[in-house]
Amino acid sequence: METHEINKRFLDHFTERGHTQVPSASLIFDDPNLLFVNAGMVQFKPYFLGDVPPPYPRATSIQKCVRTGDIDEVGKTTRHNTFFQMAGNFSFGDYFKEGAIEHAWELITAPVSGGGFGLDPARLWATVYEHDAESAALWHKITGIPAERVQYRGADDNYWDMGVPGPGGPCSEIYYDRGPEYGREGGPVVDEDRYLEIWNLVFMQEIRGEVSPKKGGPVLGELPTKNIDTGMGIERVAYLLQGVENVYETDLVRPVIGRAEEFSGHRYGADHTDDVRFRVIADHARSGVMLIGDGVTPGNDGRGYVLRRLLRRIVRSMRLLGVHEPVLPEFAAVVRDAMGPSYPELVTGFDRIADIMRAEEEAFLTTLTSGSRIFDLAAEQTKAGGGAILAGDKAFQLHDTYGFPIDLTLEMASEQGLRVDEDGFRTLMQEQRDRAKADAASRKSGHGDLSVYRQVLERHGETRFLGYTDLQATAR
Ligand code: ATP
Ligand code: MG
Ligand code: MG
Ligand code: MG
């Protein structure tokens, strides 16, 4: 089943059940706690908080999401994208646990010929919050799922709140057993690779205080009206229904892998290390296009830095596959063709998207060529000397003279089995800042042009991996 069809079935299922269909919000939503929208509920927050009366009792949407916090998982697990689509249904003081479980179960188990996803009920598992026996009983009652396939989990996994005092509640997740060839017996608490999480149902029922129940804080009372917030991963369902091995091989992501194969002459599926690169490339290309489509441009901090980081990671991965010529505008076209039917702004805004990608790629290729030579030499010398740690002054030189962000150096080092003396690097950075402060003139004579990332570190001091730090306050 194609992704477009999965989206359609989801929305149909919930509109038939009285939900108002609401379009996706932009990835850049006006929310001070979030770099990017990372869940379907973000645009509905004011209704959940009671700040604004909800215009409808029930809603459904397919929300564009970016989770930069998952970037290190991309290509390595079977299920993490940086950009993905979260399908959701929401109840504002209307139906609660029972309705949420029923609606979800019906959709995923109804036969394909009957408008559902046709998942085998015998392969489905659920988790509930450790103090939520009510939901465990409901799962059994509504779906007939045996007690041993409903597992209890602690607050880290199965308690949700917005990261601030206010609404909170237990959640309950649905998992699909991919089978013994994918890992160990025993349900999602044992193995989250074999048991794939597809859907999270949040039961907003209570009010938390200053300290979250996640950290042992108390529940202050019941919410006057109880709400439902759910999120189903479209790519994950696609990966199950398309009979492929992971989210990167689904119909809207896989085409970029195909293009990267053509460019590189390497074949996907032939070598594990290459495969991870192919998957990173396909994932990041899509995220890059979606972000630029929503108005982000590459830059030195915040959202722009995340975008820059994603795009540069594609270029570097292509290098590692032996490709030195520009690729980003080509990939952008492939993403446009896949995602355009759902997101027409990618088609109308394509020239701008491709131009931004082209410019970023050109700038980075220049940096990369000179910096990589220095890096390789330093790595070789470190290893030849029997060391496992790249010296801090090398990382500093790469940063200062060649504009290598420290995270790039860390990543390249780790590929070589090396670590980096980060403390040493930071000390040198600090010394440089101090010198610059002491003599403002010396700053002007530095290598300012080459070191675009210096500003990031100056502005943000010790914040590491700034670009990845998604404030996932609302992540479940
Ligand atoms: P996981 O434990 O697999 O990282 P999660 O518990 O962090 O997932 P939720 O916050 O519960 O995910 O999000 C709701 C749903 O969105 C998940 O059940 C999953 O189907 C989907 N989802 C979450 N993160 C991603 C991602 N990085 N890529 C693709 N789909 C995702
Ligand atoms: Mg997660
Ligand atoms: Mg999870
Ligand atoms: Mg979850």
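Derivation of every value follows stated rules applied to the coordinates shown; laboratory data play no part. Only a predicted model underlies this, so the values are computations on that prediction, with no experimental measurement involved. Methodologically, a virtual Cβ is constructed for each residue, glycine included, from the backbone with ideal geometry; neighbour enumeration extends over all protein chains shown.
General observations
- Qualifying GluC sites (Glu not before Pro) in the range 159-194, DSSP loop, other Cβ atoms within 10 Å at most 13: Glu185
- Shape call, the range 3-241: gyration tensor on alpha carbons, a/c limit 1.5: rounded
- With the cut-off at under 20 Å, measuring from each backbone N in the range 48-87 to a point 7 Å along the Cα-to-Cβ line of Glu422 picks out 68-74.
- With Cα atoms, 0 to 90° folded angle of helix 422-438 axis to the chain main axis: 70 degrees
- Gained length - Glu411 relative to Asp393, 0.36 nm times residue gap less alpha-carbon distance: 4.8 nm
- Long-range tail of P(r) for the chain (Cα pairs > 35 Å, %): 37 percent
- Residue separation of Glu380 and Glu130 scaled by 0.36 nm, minus their Cα-Cα distance, works out to 84.9 nm of gained length.
- The range 236-289 and the range 10-69: distance between their alpha carbon centers, rounded to Å: 28 Å
- Antiparallel bridge percentage (DSSP; both residues within the chain; nearest 5): 85 percent
- The chain - percent relative contact order, Cα under 8 Å, separation 6 or more: 15 percent
- Per-residue ellipticity at 222 nm, computed for the chain from helices alone with -39500 (n - 2.57) per DSSP H run of at least four residues, works out to -13500 deg cm²/dmol.
- The simple spin-label model puts a point 7 Å past each Cα toward its Cβ; for Glu245 and Asp156 those points are separated by 2.9 nm.
- Candidate cross-link partners of Lys394 among the lysines, defined by an alpha-carbon separation under 22 Å and a same-chain spacing of 8 or more, comprise Lys383.
- With Cα atoms, 0 to 90° folded angle of helix 406-415 axis to the chain main axis: 80 degrees
- Put a dot 7 Å past the Cα of Tyr182, heading toward its Cβ, do the same for Glu106, and the two dots end up 2.7 nm apart.
- Cα-Cα over 22 Å, subset of Lys45/Lys226; Lys8/Lys76; Lys45/Lys97; Lys45/Lys214: Lys8/Lys76
- Pairwise label distance in nanometres, Ser342 with Asp193, each label 7 Å out on the Cα-Cβ vector: 2.7 nm
- Degrees separating the helix 254-264 axis from the principal Cα axis of the chain, which is the longest one: 20 degrees
- Subtracting the Cα-Cα distance of Glu16 and Arg373 from 0.36 nm times their residue separation leaves 122.5 nm of extension gain.
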